[in-house]
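S.K.: Here you go, one structure.
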Amino acid sequence: MLMSMPGSRIFQMALAACLIAFLPPASTKAEEKQKSAAKPRANVVDDFESGLSLGTDRSGIPVGFIKFGDRGSVVRISATSTPPEGPGDAARENALRVDLNVQMWAGFAHFFQNDAADIWVSYDWSGFDALSFWLYGNNTGTALFVDVLDNRNRCSSVDDAERYVYNFKDDFSGWRLITVPFAGMVRKEVGNGAPKDGLNLSEVHGWAFGARSTGGPKTYYIDSVHLRSTSPHKKDAAIGAQQPDYPINELPMYGLCEKTADQKRADEKFIKQMTQRFQNRTDAADYFARVGWNAFYKGDRSLTIKRFNQAWLLNSKNQLALWGFAAISLDRGRVKEAAHYFRLAIDNGPENSNLRRDYEDTLRRLEKQP
Ligand SMILES: [Ca+2]
Ligand SMILES: [Ca+2]
């Protein structure tokens, strides 16, 4: 359908109708929805009351609860409604059961995910001093560890989160509250090309729990993973909104990331094909920008940004695509970026009173931001 009869008169008339129908409004329903979804949540990281999410992000990275370890080790994780009883369990219903039989090292990680479990997200933990959780120990002396998965590189499509680790021992029986002070964590090099810029905590992508050699099968239970602040004025701090790591083709202007040789070849092929089909790049860009706006109003954000990017690839001065980047940025709560794209849209096309009004509304929103 995308490629249907671009040269025909009916198609051209349809496009003209589209142009009128697709003029973007100042504020969209999706934007309102985003605002309500962006409310900070309390300091609970995981309570295992709604199962263990698992999925794959749009770059192919597993997200949710994943297992890791050397080949000889066995890890099983499950949410259980019948954890052992003990102190601190007044409100305990479901907990995480972790069955380990570790040769050298193994465990599980929670790569934070969106509701659909198809985007890796991060949270801002910089207002907190420690991670705490209840752990059911076996008093075996086994070496245990907790990792925090800190920030990633820009334009990344692999797991390059920076790891910080806290080591402790299974030297107690039954439930105990474990507190992991961030100041006591040390960087762990895992050879994944991670940033080396300290434990920033402003983009925490997950956490992990694991063990060194367990000397046979052991079962642990974990519950109420939460963040703590020691300073009184931070006591009621809440975890901030999700910060999604969109894949490159869902970032405006592809995030201006350096593309791989394969991606460059695919771009060149696309431009060549579309130029032949639409007579020139300008018309092809217009078509993709309008398809993008159509998807925007249908609520398909993933398709929307991909089409705007294709329009921009064909013609970096396409006003509708630049306007689209602004709309997408607003939709994602990135007001400053939206203002930038509105400015570009105004500078690269005919005067449009709706566009200017949206730009000015955005500037006013920007002024109100802290
Ligand atoms: Ca629980
Ligand atoms: Ca870091």
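S.K.: What is the dipole size for the chain, taken about its Cα centre, with +1 at each Lys and Arg Cβ and -1 at each Asp and Glu Cβ, in debye to the nearest 20?
M.R.: Its charge dipole is roughly 920 debye.
S.K.: Separate question: What shape does the stretch 44-122 have by the C-alpha gyration tensor, where a ≥ b ≥ c are the square roots of the eigenvalues, rounded means a/c under 1.5, and otherwise prolate means a/b greater than b/c and oblate the rest?
M.R.: It is oblate, given that a/c is not under 1.5 and a/b is not larger than b/c.
S.K.: Going from the alpha-carbon gyration tensor of the stretch 296-370, what semi-axes, largest first and in whole Å, does one get by taking the root of 5 times each eigenvalue?
M.R.: 20, 16, 10
S.K.: Convert each backbone phi in the stretch 102-107 into a coupling constant with the Karplus relation 6.51 cos²θ - 1.76 cosθ + 1.60 (shift: θ = phi - 60°), then list the ³J(HN,Hα) values in order as whole Hz, x for Gly and Pro.
M.R.: My calculation for the stretch 102-107 gives 9, 6, 10, 7, 5, x Hz in order.
S.K.: Further, regarding this structure: Based on alpha-carbon positions alone, could you give the equivalent ellipsoid semi-axes of the stretch 97-211 from the gyration tensor, as √(5λ), descending, whole Å?
M.R.: 25, 15, 14
S.K.: Which pairs break 22 Å Cα to Cα here: Lys67/Lys196; Lys269/Lys306; Lys272/Lys306; Lys264/Lys306?
M.R.: Result: Lys67/Lys196 exceed 22 Å.
S.K.: With the chain treated as a Gaussian network of Cα nodes joined by springs under 10 Å, which of Gly255, Gly86, Gly64 yields the largest mean-square fluctuation?
M.R.: Gly86
S.K.: Connecting C-alpha atoms closer than 10 Å in a GNM of the chain, tell me which of Phe65, Phe182, Phe270 has the biggest fluctuation.
M.R.: Highest fluctuation among the options: Phe270.
S.K.: Just to check I understand the Karplus step: with θ = phi - 60° and J = 6.51 cos²θ - 1.76 cosθ + 1.60, what whole-Hz values come out for the stretch 55-68, glycine and proline as x?
M.R.: x, 9, 6, 6, 9, x, 8, x, 10, x, 8, 10, 9, 9
S.K.: Regarding the stretch 40-240, what are the three Cα extents along the principal axes, ordered largest first, in Å?
M.R.: Principal extents (Cα only, largest first): 44, 43, 33 Å.
S.K.: Run through the stretch 189-255 and list the GluC sites (Glu not before Pro) located in a DSSP loop whose Cβ has at most 14 other Cβ atoms within 10 Å.
M.R.: Glu189
S.K.: Quick one: Karplus J couplings for the stretch 141-158, per residue in order, coefficients 6.51, -1.76, 1.60, θ = phi - 60°, nearest Hz, x for Gly and Pro?
M.R.: Result, rounded to whole Hz: x, 4, 6, 10, 8, 10, 10, 10, 8, 7, 6, 10, 6, 5, 6, 7, 10, 10.
S.K.: For a quick check, take a GNM of the chain with Cα springs below 10 Å and name the residue from Gly292, Gly193, Gly324 with the largest mean-square fluctuation.
M.R.: Gly193
S.K.: Just the number: Rg to Rh for the stretch 215-294, Cα atoms, Kirkwood Rh, two decimals.
M.R.: That ratio is 1.33, to two decimals.
S.K.: Follow-up question, since we're still on this one. D for the chain, whole µm²/s, Stokes-Einstein with Kirkwood Rh over alpha-carbon pairs at 25 °C and 0.890 mPa s: what number?
M.R.: The diffusion coefficient I find is 106 µm²/s.
S.K.: In the chain, with Lys and Arg counted as +1 and Asp and Glu as -1 at Cβ, which of these residues, Val63, Ala237, Leu149, has the Cα nearest the positive end of the dipole, that is, farthest along it?
M.R.: Of the listed residues, the answer is Val63.
S.K.: Right, something else. Quick one: which residues, 5+ away or cross-chain, put their amide H under 5 Å from the amide H of Asp57? H built at 1.01 Å from N.
M.R.: Hits under the 5 Å cutoff: Val63.
S.K.: Relative contact order of the chain, please, whole-number percent, based on alpha carbon pairs below 8 angstrom and at least 6 residues apart.
M.R.: Relative contact order for the chain comes out at 19 percent.
Here, each number is a calculation from the coordinates, and none is a lab measurement. None of the values given here were measured: they were computed from a predicted structure. Please note: Cβ atoms are built from the backbone with ideal geometry, for glycine as well, and neighbour counts cover all protein chains shown.
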